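The values are calculated or read from the model by the stated rules, or taken from the named source; none is laboratory data. Keep in mind it's a predicted model, so treat the numbers as computed, not measured. Quick reminder, even Gly has a Cβ in these numbers, built from the backbone with ideal geometry, and neighbours come from all protein chains shown. Ligands, DNA and RNA are excluded from the accessible area calculation, which covers all protein heavy atoms including side chains. Shrake-Rupley method; radii C 1.70, N 1.55, O 1.52, S 1.80 Å.
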Amino acid sequence: MTVPPSSPGASHTTTPARLPAAIWMLGFVSLLMDVSSELIHSLLPVFLVTSLGAGPFIVGLIEGAAEATALIVKIFSGALSDYWGKRKPLAMLGYGLGALSKPLFALAAGPGMVLAARLIDRVGKGIRGAPRDALVADIAPPEARGAAFGLRQALDTVGAFCGPLLAMGLMLAWQNDFRAVFWVAIIPGFLSVALLLFGVKEPAHAPAGPATNPLRRDSLRRLPRAYWWVVTVGALFALARFSEAFLVLRALDAGLAVAYAPLVLIAMNVVYSLAAYPFGKLADRLNHAHLLAAGLAILILADLALATGAGWLGLGTGIVLWGLHMGMTQGLLATMVAHTAPAPLRGTAFGFFNLVSGIAMLFASAVAGLLWERAGAAWTFFAGALLAAVALAIVLQRRRSTG
């Protein structure tokens with residue numbers, strides 16, 4: 001994959017652009033919602049297994065269905081934001097649904113209600129995701145989009161490790177009372193909605209012409225081949241990287257006490273947060289294919305460490321490498337979507353990207369759960385390493401074929 005010399009992904013030095021305050025506000029909105037969500041999600045696999053009697057396959061199915069739902073819904077919210085010409089109202093609706101879903105986890109009496117709560121929560125995530133990402137691309141200067149996506153992702157991930165850290169402290173203080181911890185998650189969820197409402201102003205959009213359906217065939221033809229290549233790469237990543245719930249189960253398998261289960265996501269997300277912004281800035285200067293290849297190589301090493309590592313050293317190495325690969329690649333993929341999609345179709349472009357990734361994530365998480373039950377934990381991570389190696393070979397071949 002070649003990068004035009006004038007694009008932000010090329011290897012050249014540019015003067016760093018200052019990020020607008022709204023980018024920071026969107027980052028803190030994401031931080032608060034992630035604190036709310038991860039207070040619950042860091043404990044949810046353990047809650048399902050120890051309190052509700054679910055097995056690894058059920059955990060994988062719930063996680064895969066929930067995440068896939070969020071990603072699939074993004075296509076419709078993204079297209080609607082393009083048609084309407086407004087991003088913030090849809091983002092508000094999505095964050096509001098996320099906040100309203102939190103009490104259902106505390107009230108859940110079985111896996112079915114947990115699934116319902118996860119689906120409502122993830123529908124909210126799906127509604128807000130593509131419009132929010134398109135809003136970031138709209139607000140950020142083109143030469144600093146990598147840094148903007150990296151910053152938002154970094155702040156989002158700060159919440160992703162603060163939530164599990166708070167969950168662990170509350171579990172220890174409240175003698176493993178899952179439901180009491182789940183009730184606390186309501187507070188940062190509603191604070192997130194309030195900050196978006198009062199702290200972010202959407203820029204005015206000059207209409208490019210009469211509103212048209214972005215999902216029509218003639219509209220989709222305006223998305224270039226470079227964009228569809230990014231969609232393909234995103235699907236390959238999703239196939240190779242199943243739900244982080246399996247990292248928590250791997251730690252429990254190694255003997256980690258239930259109260260300390262959130263440590264897994266804390267460690268992973270600390271690394272993720274520290275890596276996201278620096279690698280986002282690199283995406284404004286370096287060739288994207290090189291960064292993608294490096295991220296896949298790190299994912300292979302993470303899977304191998306989790307599959308073969310003996311004791312806590314191997315587990316810890318795998319978790320750290322997993323977080324590093326996330327920080328290297330997630331903001332990068334969003335930046336690539338923003339660079340390759342026409343501005344009037346950005347919401348739709350993010351939606352399609354996440355639709356394909358969502359289908360791949362559902363498949364990967366379900367297969368991971370089946371492998372775990374039938375062949376053991378190690379083979380789940382060996383399979384992930386194999387898929388990541390296939391994706392790496394495809395990226396390298398594409399890079400060689402396009403010079």
message: Condition check: open to solvent by less than 20 Å² (accessible area, probe 1.4 Å), of a type in the set (A, V, I, L, M, F, W, C) and assigned to a helix (DSSP H, G or I). Does Ala251 satisfy that?
response: yes
- prompt: Of these, Leu44, Leu97, Leu39, Leu104, which one is closer than 23 Å to Leu355 by Cα and among the aliphatic types (A, V, I, L, M)?
  reply: Leu97
field: Filtered residues of segment 275-317 (kept if outside any helix (DSSP H, G or I), open to solvent by 10 Å² or more (accessible area, probe 1.4 Å) and closer than 21 Å to Gly331 by Cα)
entry: Arg285, Leu286, Asn287
query: Which one of these does Gly318 not meet: (1) closer than 16 Å to Phe242 by Cα; (2) in contact with an Asp or Glu (Cβ under 7 Å, 6 or more places away or on another chain)?
result: (2)
query: Listed residues Ala70, Ala109, Ala66, Ala99; which is touching a helix residue (DSSP H, G or I) at 6+ places or on another chain (Cβ under 7 Å), over 22 Å from Ala240 (Cα atoms) and hydrophobic (A, V, I, L, M, F, W, C)?
result: Ala99
statement: Of the residues in segment 201-235, those that are at pLDDT below 80, outside any loop (DSSP other than H, G, I, E, B) and either in contact with a Cys (Cβ under 9 Å, 6 or more places away or on another chain) or surrounded by 10 or more Cβ atoms within 10 Å (Cβ to Cβ) (or both) number 2
message: Test of understanding: among Ala267, Ala257, which residue is within 24 Å of Ser37 (Cα to Cα) and out of contact with any Gly (no Cβ under 8 Å at 6 or more places or on another chain)?
response: Ala257
- prompt: Residues of segment 375-389 being at pLDDT 90 or above and loosely packed, with under 14 Cβ neighbours inside 10 Å, which ones?
  reply: Leu386
message: Quick check on Leu48: is it open to solvent by less than 30 Å² (accessible area, probe 1.4 Å), farther than 21 Å from Gly189 by Cα and outside any helix (DSSP H, G or I)?
response: no
task: Determine whether Phe198 is open to solvent by 50 Å² or more (accessible area, probe 1.4 Å), in a helix (DSSP H, G or I), over 26 Å from Ala267 (Cβ atoms) and in contact (Cβ under 8 Å) with a residue 12 or more places away in the chain.
output: no
